[in-house]
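Student: Let me begin by handing over the structure; questions about it come next.
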Amino acid sequence: MNPHDELFSLINRLPTTVPMFERTVHIPSALTPEPYKKMLVHDHHMTVAMETYHRSTVDVKVLDHRLEGNDYTRKIVLLKHATDVPVQFGIVRFRLDYVTEAVRNEIIAGQTPLGRILINHNVLRQIDLGAILEITAGPALAGYLQMPIGAVTYGRLATIFCNGQPAVDLLEISAPLK
């Protein structure tokens, strides 16, 4: 799939009234600048990458969500634990029929980051990196990540396979890193 088509498919599941981005550019993984490359170009959970980089556990703040049958979408910000400091923005589309009822209920509760839930429940998972994006923040993203409109950050599109099934499509955007 075209990365921009996939990006806007996720964004349009929970649209905003103001623009999310000024510009997005698909870039080769090898050209991703550090420290974003270390943060994004891997096949691990972003929850773990964020916690390692920021030397803090993270809390999830659900900004919006939609549940239609077994199809659950949520827009989130990960925050450094017990603070209002954002480290990541994300949109996740989860096909809940690929996980147990306990995992489903914990995801829908919105109290724990998705990666932590899958790790804690020992869900067999594989993460396939789809694309790296250079992102110029529009007003919505700038507000979510407490960054200036027009500032540049990086993100990724990926798919998580749970128990061998393509269960999760996600957009993960890092807050600007120093």
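The values are calculated or read from the model by the stated rules, or taken from the named source; none is laboratory data. Keep in mind it's a predicted model, so treat the numbers as computed, not measured. Glycine also receives a Cβ, built like all others from the backbone with ideal geometry; neighbour counts cover every protein chain displayed.
Student: Specify which of the listed residues (43, 64, 59) is surrounded by 15 or more Cβ atoms within 10 Å (Cβ to Cβ), among the acidic types (Asp, Glu) and touching a residue at least 40 places away in the same chain (Cβ under 8 Å).
Tutor: Checking each option against the conditions leaves just 59.
Student: Here's a follow-up. What pairs can you find where one residue is in region 148-164 and under 13 Å from residue 20 (Cα atoms), the other is of a type in the set (S, T, N, Q) and surrounded by fewer than 23 Cβ atoms within 10 Å (Cβ to Cβ), and their Cβ atoms are less than 8 Å apart, with a gap of 6+ or different chains?
Tutor: Pairs found: 150/136; 151/136; 152/136.
Student: On the basis of being modelled with pLDDT under 95, assigned to a strand (DSSP E or B) and touching a helix residue (DSSP H, G or I) at 6+ places or on another chain (Cβ under 8 Å), does residue 133 make the cut?
Tutor: No; evaluated as a whole, the condition is false for this residue.
Student: Right, next: If residue 4 satisfies all but one of (1) in a loop (DSSP other than H, G, I, E, B); (2) touching a strand residue (DSSP E or B) at 6+ places or on another chain (Cβ under 8 Å); (3) over 18 Å from residue 127 (Cα atoms); (4) at pLDDT below 95, what's the number of the condition it fails?
Tutor: In the conditions (1) in a loop (DSSP other than H, G, I, E, B); (2) touching a strand residue (DSSP E or B) at 6+ places or on another chain (Cβ under 8 Å); (3) over 18 Å from residue 127 (Cα atoms); (4) at pLDDT below 95, residue 4 misses (1) alone.
Student: On to the next question. Tell me which residues, restricted to region 59-94, are part of a loop (DSSP other than H, G, I, E, B) and of a type in the set (A, V, I, L, M).
Tutor: Correct list: 82, 85.
Student: Could you list, in sequence order, the residues of region 46-56 that are of a type outside the set (A, V, I, L, M, F, W, C) and surrounded by 13 or more Cβ atoms within 10 Å (Cβ to Cβ)?
Tutor: Hits for region 46-56 are 47, 51, 53, 54, 56.
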